[in-house]
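Let me begin by presenting the structure, written as structure tokens, before commenting on it.
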Amino acid sequence: MLCPRRRRLARIEGLWLDGGELVNAWLSFSLTPVQSFLQAARTVRDLKVGSKLLSYLAGQAFDAACAAGGRALYPAHSGDWHNLPNRFVVCYETLAQAQSAAEGVHKAFDKAWYTLADEVKKLLDQQKWPAPWDEDWDKQVQTFWDARVIVVDTAAWSDDDYRALFNCASGAPLPNPLTRGWKVTTTALAAAKAVRKIPPDQGIGRPKCTMMGDLEQMGPGGPVGTQRGFWRDVTGTSHHGIRIGERDRLCAIALIKRFAPACDSTPLRELRCPISDTATIATEHWRKEVQEGLPDELAAFDSAAGELAKCLGDSADTSGRYLLDDNLRYNQATWSRLNEGLSPEKRHPDPRTWEQSELAGLLKKTVGARDALKRACREKGLSAPPRYLAIVELDGDHMGRLLGGDGEDVTEEHFQHLSSRLRAYGDSVPGMVTEHYGETIYAGGDELLALAPRIEAIPLARELRNNFPDNLAEKVTRRGSTASMGITIFHYRHDLRDALHHTHQAIDRAKKYGRDCCGIAVLKRSGSELHVVASWNVLDAMKALAESFASGVTDRWLSQLAQMAPGVHPNASKGAVEALIRRVVKRGEGTPQGVIDQVMTLWNETWAFLNDPNRPGPEQDDEQFGNPVFNAFLNHVGIASFLVRGGE
């Protein structure tokens, strides 16, 4: 179907011995773009499929590299592509083997990707989309991925060559052969990736894809009305419950990402199973509490919502969205919107008699059950269903340095040990996420991504960090291994792509603050955003305070402290600020001494973190006045409150 892409191969020559076994060539693989591809997601399913698709493609390339006679150095080759990273290194006895393997890797990658693209295109053709809807499909598929394969020939290098490349002093002792081979290979790959691929001109003047804004959406093109009409006609296209939504205007890559699980012959079909959406995840913890207190009312709502979803078929929303959607009302406007989503044979023909339709009866029943459930919650003192959820992301610190031995000589056992520890950790992540009512997106060992209810964000982050392997490189160095994390709290209707972007920025802030800490972003539906960095001790103090707020303790003193913040001197002493905080909190409406102690613990931990001599000092926002540590403390308290109350 498609012409093969131009190959990108680089060679560096040398000779290394690994424990007496001759190793003359190394092969390193890396796939891009990764972050932009993962972040391009309109739904949780898009996010999860994108992650699995990356691992699947990398897995096909990895299998081909090992089948060509190579020995996997990192990661260990298990034959299981799930949660596989998008890079690997394999060693060979001869250069010819490595070069042949490189071609095999490209062929295996291309075959997997092009076959997947073909299957999705055939599926959409079967839906009788009006031609010519697929203009430039092949071009987008051909030019999207940049699979870099670097072959390092180590048969002709001398010690002087290595010293010259890495600017080593003459006569200085050199690392062992395996360490040198790893360093040369990773350096060559980094140099190759520094040369970015420039996508060719493509497109026929159509609007951009609503998921991946760099590419044109599919469709016939031409006048704007024609293109809009095409997407209006194909809205509702569905197969195995995977569908085109009202706002979807997708390019070839986004369509592959959306419909890959719907194809019978692809391994991604395992993702046809129901995947919680943002509304369902946001309310999952709340449902547990309501199930214990109001089981009959919750069962009545679930039954009514299930009947409505069965009637609507592929156009149905989840019960979580029916629970949270304020626009779901028993009126003709809502009925008309839902009626349009029905198949022609089920659609009620006359709007004047809408109240007599089956759909109207089910809509009335669902809205009535939802309102009764919310009313019962108020009467019983339970909170309203939460509308905010969290993205939790972890990234191992200094992983490149640890893989390379952190200045010490590496061994093959080192790579095997590190790989097995990370895989074991990754395998344990879904269980931890499920315990916190969340959805695992990706768990690759040193990188993971999950969604969870907002109230579970900090407990989940702490458990994930506590279980991260603390000495990954123990076979070669005593330096411990750490991880940085990012948390973003966002509304269930917020653009998922923007929430992911803020999460990446939160991790970047944590890395900037010396690593082994957590960046937090709160994206409120209304009001200003909150951005903070917290140590693990600060997170623990925030969690304790949030639990007190959940029990009904007031937080009104927070607004009083916030009003005083601009007047607190930037160089005020710790004791002076502490006295101010204690005085205001004590004046609160019967604030218990235990809560006052929790507040002061949070202040002390915030001060200790932001004044740690091993970390950068606190940043002062240009738009903020007062003491930067005090301002950070107020944000920590504000987030603890928001985790419980969330603007409800």
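Consider segment 305-352 and keep the residues that are part of a helix (DSSP H, G or I) and among the aliphatic types (A, V, I, L, M). The one that is surrounded by the fewest Cβ atoms within 10 Å (Cβ to Cβ) is ALA333.
Of all residues in segment 606-628, those that are within 22 Å of LEU580 (Cα to Cα) have Cβ atoms under 6 Å from Cβ atoms of residues that are at pLDDT 65 or above and open to solvent by 70 Å² or more (accessible area, probe 1.4 Å), 6 or more apart or on another chain, in PHE625/PRO566; GLY626/PRO566; ASN627/PRO570. Yes or no: ALA499 open to solvent by less than 10 Å² (accessible area, probe 1.4 Å), closer than 22 Å to GLU605 by Cβ and among the aliphatic types (A, V, I, L, M)? The answer is no for ALA499.
Every condition in (1) closer than 30 Å to LEU342 by Cβ; (2) in contact with a Lys or Arg (Cβ under 6 Å, 6 or more places away or on another chain) holds for ASP153 except the one numbered (1).
Residues checked against (1) free of Cβ contacts under 8 Å to residues at least 24 places away in the same chain; (2) of a type in the set (Asp, Glu); (3) buried (at least 17 other Cβ atoms within 10 Å of the Cβ):
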site	(1), (2), (3)
ILE198	yes, no, no
PRO207	no, no, no
THR210	no, no, yes
GLY219	no, no, yes
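Being in a helix (DSSP H, G or I), open to solvent by less than 60 Å² (accessible area, probe 1.4 Å), closer than 27 Å to ALA390 by Cβ and free of Cβ contacts under 8 Å to residues at least 60 places away in the same chain is the requirement here; does VAL595 meet it? The answer is yes for VAL595.
Each residue in segment 243-260 was checked for being at pLDDT below 90, surrounded by 14 or more Cβ atoms within 10 Å (Cβ to Cβ) and out of contact with any Gly (no Cβ under 9 Å at 6 or more places or on another chain), and 0 pass.
Could you tell me whether GLU408 is modelled with pLDDT under 95, more than 29 Å from ILE242 (Cβ to Cβ), open to solvent by 10 Å² or more (accessible area, probe 1.4 Å) and in contact with a Lys or Arg (Cβ under 8 Å, 6 or more places away or on another chain)? Explain how you work it out, then say what you get.
On the way: modelled with pLDDT under 95: yes; more than 29 Å from ILE242 (Cβ to Cβ): yes; open to solvent by 10 Å² or more (accessible area, probe 1.4 Å): yes; in contact with a Lys or Arg (Cβ under 8 Å, 6 or more places away or on another chain): no.
It is false that GLU408 is modelled with pLDDT under 95, more than 29 Å from ILE242 (Cβ to Cβ), open to solvent by 10 Å² or more (accessible area, probe 1.4 Å) and in contact with a Lys or Arg (Cβ under 8 Å, 6 or more places away or on another chain).
Scanning segment 74-93 for residues that are open to solvent by 60 Å² or more (accessible area, probe 1.4 Å) and out of contact with any helix residue (DSSP H, G or I) (no Cβ under 6 Å at 6 or more places or on another chain) yields SER78, ASP80, ARG87, GLU93. So is ALA98 in a helix (DSSP H, G or I), out of contact with any Pro (no Cβ under 6 Å at 6 or more places or on another chain), open to solvent by less than 40 Å² (accessible area, probe 1.4 Å) and of a type in the set (Gly, Ala, Ser) or not? Against the criterion (in a helix (DSSP H, G or I), out of contact with any Pro (no Cβ under 6 Å at 6 or more places or on another chain), open to solvent by less than 40 Å² (accessible area, probe 1.4 Å) and of a type in the set (Gly, Ala, Ser)), ALA98 qualifies. In segment 274-297, the condition of being closer than 30 Å to TRP129 by Cβ and at pLDDT below 90 is met by at least one residue. Select from segment 375-394 the residues that are open to solvent by 40 Å² or more (accessible area, probe 1.4 Å) and in contact (Cβ under 8 Å) with a residue 24 or more places away in the chain and write down the one among them that is farthest from GLN39 (Cα to Cα). Among them, the one singled out is LYS380. LEU449 passes every criterion in (1) free of Cβ contacts under 8 Å to residues at least 40 places away in the same chain; (2) open to solvent by less than 30 Å² (accessible area, probe 1.4 Å) apart from (1).
Listed by position, the helices (runs of 4 or more DSSP H) enclosed by segment 459-575 that each have at least 1 residues that are closer than 30 Å to ALA279 by Cα and in contact with a strand residue (DSSP E or B) (Cβ under 8 Å, 6 or more places away or on another chain) are 496-512, 536-550.
Let me confirm something: among SER548, SER535, which residue is under 23 Å from the mean Cα position of the chain (by Cα) and on the phi < 0 side of the Ramachandran plot? None of the others qualify; the one that does is SER535.
Identify the residue in segment 232-242 that is polar (S, T, N, Q) and out of contact with any Lys or Arg (no Cβ under 8 Å at 6 or more places or on another chain) and, among all such residues, is most open to solvent (accessible area, probe 1.4 Å). Filtering first and then ranking leaves THR235. For segment 411-425, state whether one or more residues are open to solvent by 10 Å² or more (accessible area, probe 1.4 Å), in a loop (DSSP other than H, G, I, E, B) and within 21 Å of ARG71 (Cβ to Cβ). There is at least one residue in segment 411-425 that is open to solvent by 10 Å² or more (accessible area, probe 1.4 Å), in a loop (DSSP other than H, G, I, E, B) and within 21 Å of ARG71 (Cβ to Cβ).
Residues are listed down the side, and each one gets a yes or a no for (1) surrounded by fewer than 16 Cβ atoms within 10 Å (Cβ to Cβ); (2) not β-branched (Val, Ile, Thr):
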residue	(1), (2)
ALA510	no, yes
ARG515	no, yes
VAL538	no, no
LEU545	no, yes
MET564	yes, yes
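Evaluated against (1) open to solvent by 20 Å² or more (accessible area, probe 1.4 Å); (2) among the small types (Gly, Ala, Ser); (3) in contact (Cβ under 8 Å) with a residue 12 or more places away in the chain, SER481 falls short on exactly one condition, (1). When we screen ARG45, ARG5 for residues that are open to solvent by less than 50 Å² (accessible area, probe 1.4 Å), at pLDDT below 95 and in a helix (DSSP H, G or I), the only hit is ARG45.
Scanning segment 221-231 for residues that are under 19 Å from PHE144 (Cα atoms), modelled with pLDDT of 90 or more and open to solvent by less than 10 Å² (accessible area, probe 1.4 Å) turns up nothing.
With respect to the conditions (1) assigned to a loop (DSSP other than H, G, I, E, B); (2) closer than 18 Å to CYS377 by Cα, PRO274 falls short on a single one, namely (2).
Taking each residue of segment 629-648 that is farther than 23 Å from TYR492 by Cβ and looking for partners that are open to solvent by less than 20 Å² (accessible area, probe 1.4 Å) and among the aromatic types (Phe, Trp, Tyr) with beta-carbon atoms closer than 6 Å, six or more apart or interchain, yields PHE633/TRP603.
The values are calculated or read from the model by the stated rules, or taken from the named source; none is laboratory data. In this text the structure is predicted, and so the values were computed from the model without any measurement. Neighbour counts run over all protein chains shown; Cβ positions are idealised from the backbone, glycine included. Surface areas here come from the heavy atoms of the whole protein model, side chains and all, with no ligands, DNA or RNA. Shrake-Rupley method; radii C 1.70, N 1.55, O 1.52, S 1.80 Å.
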